[in-house]
Amino acid sequence: MKTVAIIQARMTSTRLPGKVLMDLAGKPMLSQQIRRLRESMRINEIVIATTVNRTDDPLVQLADREHVRWFRGSETDVLSRYFGAAREAAAEIVIRITSDCPLIDAGIIDNVVGELLQPGDPCDYCANILDRTYPRGLDAEVFTIETLNRLDKLASSPSDREHVTSYLRKPGCAEFTLNSVKDTEDNSDFRWTVDTQVDLDVVRDIYDGLGLSKKPLPYRDILRYVRS
């Protein structure tokens, strides 16, 4: 089954505008994230899903430089942007990734994909954010194209259209079966996503301290370094 990682990205972040192209160990932050995703054994294609706004032209240019597919859609209706990107890429399995996670871990993503595809235990949506035990910034949501199609039909509120999967994660939602992937220990006290300059400084320190621009070390190695 064709598995496609779709990264939602835009330049107009409220708290740190342009963060996805800010320097991280000599490359744009988004390029470092793509590099880590390429370590996956299950991802067949990576797509950058950005907006039709001219301010996001640099993201299309980055996608071309990185030789990854790009798709442009609505800024606010991110669900329709995802569905359009998935259909264009002929995705059968979709991995939802946000562009502010430069420590994203390919091994964790592969594990979540594997849980979704577990024979004899079908589910519509599998993620490591339902019962958070991983550091924020290692989020992986995985679902079938059929699930995305149903979401596109069912989700109608502006909030659900913006946040893509919030509809199926609501308490009491009975239309979808969910599977939560948890770590063997709780490391959810760490924040490795980039929303502010302080977040970016933390990630820069980790990249420099471990030389991650030269070797994309896995989650456990990063965790040991940060804990120490």
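Taking segment 41-133 as the region of interest, the strands (runs of 3 or more DSSP E) fully inside it that hold 1 or more residues being in contact with an Asp or Glu (Cβ under 7 Å, 6 or more places away or on another chain) and of a type in the set (Lys, Arg) are 69-73, 93-98. Can you name the residue in segment 146-196 that is assigned to a strand (DSSP E or B) and out of contact with any Phe, Trp or Tyr (no Cβ under 6 Å at 6 or more places or on another chain) and, of all such residues, is nearest to Leu223 (Cα to Cα)? Only one residue tops the list, namely Arg191. Checking Arg136, Arg227, Arg150 one by one, the residue that is of a type in the set (Lys, Arg), over 27 Å from Pro119 (Cβ atoms) and surrounded by 13 or more Cβ atoms within 10 Å (Cβ to Cβ) is Arg136 and no other. In this entry, Leu30 is excluded by the filter for residues that are touching a Phe, Trp or Tyr at 6+ places or on another chain (Cβ under 7 Å) and under 30 Å from Lys182 (Cα atoms). Is it the case that some residue within segment 12-25 is in a helix (DSSP H, G or I), out of contact with any Pro (no Cβ under 8 Å at 6 or more places or on another chain) and of a type outside the set (A, V, I, L, M, F, W, C)? Yes, segment 12-25 contains at least one residue that is in a helix (DSSP H, G or I), out of contact with any Pro (no Cβ under 8 Å at 6 or more places or on another chain) and of a type outside the set (A, V, I, L, M, F, W, C). Screening Glu39 with (1) open to solvent by less than 70 Å² (accessible area, probe 1.4 Å); (2) touching a helix residue (DSSP H, G or I) at 6+ places or on another chain (Cβ under 9 Å) gives one miss only, at (1). Considering (1) of a type outside the set (A, V, I, L, M); (2) at pLDDT 95 or above; (3) buried (at least 16 other Cβ atoms within 10 Å of the Cβ), the lone condition that Ser13 does not fulfil carries the number (2). For segment 197-223, the candidate set comprises residues that are more than 30 Å from Leu117 (Cα to Cα), assigned to a helix (DSSP H, G or I) and out of contact with any strand residue (DSSP E or B) (no Cβ under 9 Å at 6 or more places or on another chain); within that set, the residue that is least open to solvent (accessible area, probe 1.4 Å) is Ile206. Of the residues in segment 44-63, none is open to solvent by 50 Å² or more (accessible area, probe 1.4 Å), without any contact (Cβ under 8 Å) to a residue 24 or more places away in the chain, hydroxyl-bearing (Ser, Thr, Tyr) and at negative phi. Among the residues of segment 97-113, those identified as farther than 17 Å from Trp192 by Cβ and out of contact with any Cys (no Cβ under 9 Å at 6 or more places or on another chain) are Asp110, Asn111. With respect to the conditions (1) closer than 22 Å to Thr12 by Cα; (2) of a type outside the set (Val, Ile, Thr); (3) at pLDDT 95 or above, Arg191 lacks only one, and its number is (3). When we screen Gly114, Gly107 for residues that are of a type outside the set (A, V, I, L, M, F, W, C), in contact with a Pro (Cβ under 6 Å, 6 or more places away or on another chain) and open to solvent by 10 Å² or more (accessible area, probe 1.4 Å), the only hit is Gly107. Against the definition (open to solvent by less than 30 Å² (accessible area, probe 1.4 Å) and touching a Cys at 6+ places or on another chain (Cβ under 6 Å)), how does Val142 come out, yes or no? When the stated conditions are applied, Val142 passes them.
Here's a check for you: in segment 177-196, which residue that is under 25 Å from Leu16 (Cβ atoms) and of a type in the set (Val, Ile, Thr) is most open to solvent (accessible area, probe 1.4 Å)? Of everything passing the filter in segment 177-196, Thr196 is most open to solvent (accessible area, probe 1.4 Å).
The values are calculated or read from the model by the stated rules, or taken from the named source; none is laboratory data. In this text the structure is predicted, and so the values were computed from the model without any measurement. So basically every Cβ, Gly included, is an ideal-geometry build from the backbone, and we count neighbours across all protein chains shown. Accessible surface is based on the protein model in full, side chains and every heavy atom, while ligands, DNA and RNA are left aside. Shrake-Rupley method; radii C 1.70, N 1.55, O 1.52, S 1.80 Å.
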